[in-house]
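First up is the structure itself, then whatever we jot down about it.
The values are calculated or read from the model by the stated rules, or taken from the named source; none is laboratory data. The model shown is predicted, which means the values in this text are computed figures rather than measured ones. Here Cβ is always computed from backbone atoms with ideal geometry, including for glycine, and neighbour counts include all displayed protein chains.
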Amino acid sequence: MATAKHSSAAATAPATPGADTAKYQQLEAFLTGLKVDGADLAGRRAVLIPALHRAQEIFSYLPTEVQKFIAAHLNLHVSEVNGVVSFYHYFKTKMSGKHTIEFCLGTACYVRGAAKLIEKAESMLKAKLGETTTDGLFTLGSLRCVGACSLAPVVQIDGKTYGRVTAEQIPAILAEYQK
Amino acid sequence: MPFVNITIDDIRLQVPKDATILEAAQKATIKIPTLCHLELHNRQTVNQVASCRICVVEVDGRRNLAPACSTKVANNMVIRTHSPRVLKSRRVLLQLLLSNHPKDCLNCYASGACELQDLANQFHTDKNRFEGESSNFAIETSSAAITRDLNKCIRCRRCETACNDMQTVGVLSGIGRGFNMVVGPAFHAPLQDTQCVFCGQCVKVCPTGALMGKSHIDPVWDAINNPDKIVLVQTAPAVRAALGEEFGMEPGHTVTKQMVTALRRLGFDYVFDTNFAADLTIMEEATEFLHRLQHGGRLPMLTSCCPAWVKFFEHQFQDLLDVPSTCKSPQEMFGAIAKTYWAQKLGIDPAKIVVVSVMPCLSKKYEAARKELSSSGLQDVDYVLSTREIARMLREAGIDFLSLPAGEFDNPLGFSTGGADIFAVSGGVCEAALRMAAEVITGQPLETVDFEEVRGQRGLRHAGVEIAGKMVNVAIASGLGNARRLLEEIRSGKSSYHLIEIMACPGGCVGGGGQPFVDSKHEFEVIRKRSEAIYAEDAGKEIRSSQKNPYIQQLYKEFLGEPYGEKAHQLLHTGYTGREKL
């Protein structure tokens, strides 16, 4: 006789990788603390962005599993959560490296050779702009004018500014963070 | 209700205070073009994102143009719907939309049923004014039922409203931002990996050819023309109530007999009827229901003929997998019987048989591909054509549908009762089951087989039906948003129903995702007319209760044994699997 097959109802809590258990607990505590009325769709939607902010603080980015976790807790469709995450530049869906290198691409930095710096860093680190190195040490990014045009071209690493940088200096600068 | 006075294109009229300009214009029989705007099923589902701006009008005293779909009227408002400024803006808006659209209408399946194409004709956009970046997406063909060509998407998000608001399936959303935004599943997942149920309501509301049913036309032509194959066709009850519309008939007429002739002329070897299997489904499902009722089984029992509904509960209600009936759908029962009983009867090797279904549905394509639905060792059903596809094949073959003579289905798998016809409408499966259950319980023939109390157009209905002094509580839902409400009642233990019928598409299969396209404004009315035609077909049948179908009785006597018995279980029943909710 054919019978209905039961599978364990694992819909609400996606598998939490061991190392991240504490982070998920932290996020869960935050979501529970929101005390959202399950019947209030507008209310559940209203707390989505704060929940995503908190999650990014905890995890440093918003991986797929975290987005699913938040969707399940707020009883929202994952597509809606991912729609919001992918709309705002602030939300990151890829893990950032330990250090973030940002190349200014403002007009002054650009004309004074920012592209050469990027080329040098990309070839040294074997990662493109927007990507993270395989050892997880660096994430490469760009930024717009930081208001230090007299120092062009400018590179910022973890917020620290380097001015009048040349391609030849890049290895030495990176070495400071590779120790 | 308070009213306001407005003037629209020099016509003065009074309209309700909270009307939009679009609604006010309709009162004055002025047609303002729309594209992203969508109203479905008596406005229970509305897409009002005002993103396409095609409906812009000029309002005196207002600096910019106003989108008519989302701007409310005000007292003494003066509106111009076709001033030079309005017409020029609409043309530019269209040219902008078209600048990132393939403009490949001759090769597009939606040609002739495309709202963007209609507007381009209406506003004679005579040149490609804006050259710019074009989207370049690969066509997404992961699923067995729905194909997505995002190059044709105009980001109106009507599909999203149908999927999330009406069906509460929640697969689609705007992902990304700006030019790179696409309407699709989270994480750009292929449709196959999502909780999409393939109901096809998104395809129905898509104004362009961005969403399509996956075509089975080519393999069906190949099968028909393969001399080594014996090709059987079965037609779902809802197809006969809509196919005529594809050839210009007014909605509300069944074309059963012309359809039989048409299918024979296409070259199918045997023209059978899913209705036969619908009668068989009732034998199994009503017996299962009585079994659960009399032996303290799981109640309520839910119907299981709708594959979109089955996939819906497998994803969303994994804890309730024991609630639905274990009966396969009529389409699958037909295939299982054709490749066993019928093949043996005629001494044919089942491997030579190709079962083709004509369905009002896209999800049936997905169902046919479910691996476990293969009780003879072969897939029960090989190919599934939608109502739209069979019409296309008839046109390809140059068959003049409207002038065809009447034809008759082949037997034994072509004979059916009125109980099978009404599978096409919401409430029909429930009514057919009651026709049998009542007679089995009382041992008496029914005075009337019409259970008017379970009929109607509302998406969520319930009724008490008295049988032998006992009240049987039934509920009927069409549209998955309505179904969800009934399921949540069951989950919370508050459900007092014995039998629940669920169909994923509003109105039941007559409103299925594979049916002829209808202007969404008129869809509710068209579904009602198709339903009436089905009830007329039922009323015209000599035998109206499934258990009285003589060929079904013969099938049990010669082959299956008892209803709900061992052989029936092996061939006609199935099980369900919990699936991830993305």
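Among the residues of the stretch B:170-207, write down those that are more than 9 Å from chain A (Cβ to nearest Cβ), crowded, with 24+ Cβ neighbours inside 10 Å and under 21 Å from B:Glu133 (Cα atoms). Within the stretch B:170-207, B:Val183 is the sole residue that qualifies. Here is a check on your reading of the model: is B:Gly407 over 23 Å from B:Glu246 (Cβ atoms), in contact (Cβ under 8 Å) with a residue 24 or more places away in the chain and not polar (S, T, N, Q)? No.
Over 19 Å from B:Arg544 (Cβ atoms) and not acidic (Asp, Glu): is that true of B:Gly481 in this structure?
Working: over 19 Å from B:Arg544 (Cβ atoms): yes; not acidic (Asp, Glu): yes.
It is true that B:Gly481 is over 19 Å from B:Arg544 (Cβ atoms) and not acidic (Asp, Glu).
Listed by position, the strands (runs of 3 or more DSSP E) contained in the stretch A:86-179 that have at least 1 residues being more than 28 Å from B:Asn180 (Cα to Cα) are A:99-104, A:155-157, A:160-162.
Has the stretch A:17-26 got any residue that is closer than 22 Å to B:Leu172 by Cβ and of a type in the set (D, E, K, R)? Break it down into steps so the answer makes sense when it comes.
If we filter the stretch A:17-26 for residues that are closer than 22 Å to B:Leu172 by Cβ, which is where we start, we get none.
No: zero hits.
Cβ-Cβ contacts under 8 Å between residues 6 or more apart (or on different chains), taken from a first residue in the stretch B:225-241 that is closer than 26 Å to B:Lys529 by Cβ to a second residue that is among the acidic types (Asp, Glu), are listed as B:Gln234/B:Asp273; B:Thr235/B:Asp273; B:Pro237/B:Asp421; B:Arg240/B:Glu537; B:Ala241/B:Glu537.
Before we move on, is B:Lys557 over 29 Å from the mean Cα position of the chain (by Cα), modelled with pLDDT of 95 or more and within 12 Å of chain A (Cβ to nearest Cβ)?
Judged against the criteria, B:Lys557 is not a match.
Checked against the criterion of being part of a loop (DSSP other than H, G, I, E, B), surrounded by fewer than 22 Cβ atoms within 10 Å (Cβ to Cβ), of a type outside the set (A, V, I, L, M) and in contact (Cβ under 8 Å) with a residue 12 or more places away in the chain, the candidates B:Tyr551, B:Tyr497, B:Tyr556 yield just one match: B:Tyr497. Kindly list the number of the only condition in (1) within 15 Å of A:Ile173 (Cβ to Cβ); (2) within 14 Å of another protein chain (Cβ to nearest Cβ); (3) among the acidic types (Asp, Glu) that fails for A:Glu102. Result: A:Glu102 fails condition (2) only. Scanning the stretch B:29-58 for residues that are farther than 19 Å from B:Lys88 by Cβ, over 22 Å from the mean Cα position of the chain (by Cα) and not aliphatic (A, V, I, L, M) turns up B:Thr29, B:Gln48, B:Ser51. The residues in the stretch B:482-500 that are among the small types (Gly, Ala, Ser) and modelled with pLDDT of 95 or more can be counted, and the count is 1. Only residues that are at pLDDT 95 or above and not in a helix (DSSP H, G or I) were counted across the stretch B:518-541, and they come to 2.
If you check B:Thr448 against the conditions, is it under 24 Å from B:Ile543 (Cβ atoms), among the polar types (S, T, N, Q) and modelled with pLDDT under 95? Steps first, answer last, please.
Details: under 24 Å from B:Ile543 (Cβ atoms): yes; among the polar types (S, T, N, Q): yes; modelled with pLDDT under 95: yes.
Spelling it out, B:Thr448 is indeed under 24 Å from B:Ile543 (Cβ atoms), among the polar types (S, T, N, Q) and modelled with pLDDT under 95.
Being without any contact (Cβ under 8 Å) to a residue 40 or more places away in the chain and closer than 18 Å to B:Gln192 by Cα is true for just one of B:Ile139, B:Ile146. Which residue is that? Before you say what the answer is, go through the steps one by one.
Values: B:Ile146 fails: without any contact (Cβ under 8 Å) to a residue 40 or more places away in the chain.
B:Ile139 is the lone residue from the list that is without any contact (Cβ under 8 Å) to a residue 40 or more places away in the chain and closer than 18 Å to B:Gln192 by Cα.
Counted as qualifying within the stretch B:308-402 are the helices (runs of 4 or more DSSP H) with 1 or more residues that are closer than 26 Å to B:Gly200 by Cβ, namely B:330-337, B:363-368, B:387-396. In the stretch A:68-80, the qualifying residues are those that are part of a helix (DSSP H, G or I) and within 7 Å of chain B (Cβ to nearest Cβ), and the one that is farthest from A:Ala39 (Cα to Cα) is A:Ser79.
Criterion applied to B:Arg370, B:Arg388, B:Arg395 was being under 20 Å from the mean Cα position of the chain (by Cα) and within 26 Å of B:Met249 (Cα to Cα), and the one residue passing it is B:Arg388.
Across the stretch A:39-52, a minimum of one residue is classified as more than 30 Å from A:Pro171 (Cα to Cα), surrounded by 16 or more Cβ atoms within 10 Å (Cβ to Cβ) and away from chain B (no Cβ under 14 Å). Within the stretch B:365-382, does at least one residue satisfy the condition of being of a type in the set (Val, Ile, Thr) and in contact with a Leu (Cβ under 8 Å, 6 or more places away or on another chain)? Looking through the stretch B:365-382, at least one residue is of a type in the set (Val, Ile, Thr) and in contact with a Leu (Cβ under 8 Å, 6 or more places away or on another chain).
Can we say B:Glu580 is surrounded by 15 or more Cβ atoms within 10 Å (Cβ to Cβ), of a type in the set (D, E, K, R) and either at the interface with another protein chain (Cβ under 10 Å from one of its Cβ atoms) or out of contact with any Ser or Thr (no Cβ under 8 Å at 6 or more places or on another chain) (or both)? Even if it seems obvious, please write down each step before you answer.
Values: surrounded by 15 or more Cβ atoms within 10 Å (Cβ to Cβ): yes; of a type in the set (D, E, K, R): yes; either at the interface with another protein chain (Cβ under 10 Å from one of its Cβ atoms) or out of contact with any Ser or Thr (no Cβ under 8 Å at 6 or more places or on another chain) (or both): yes.
The answer is yes for B:Glu580.
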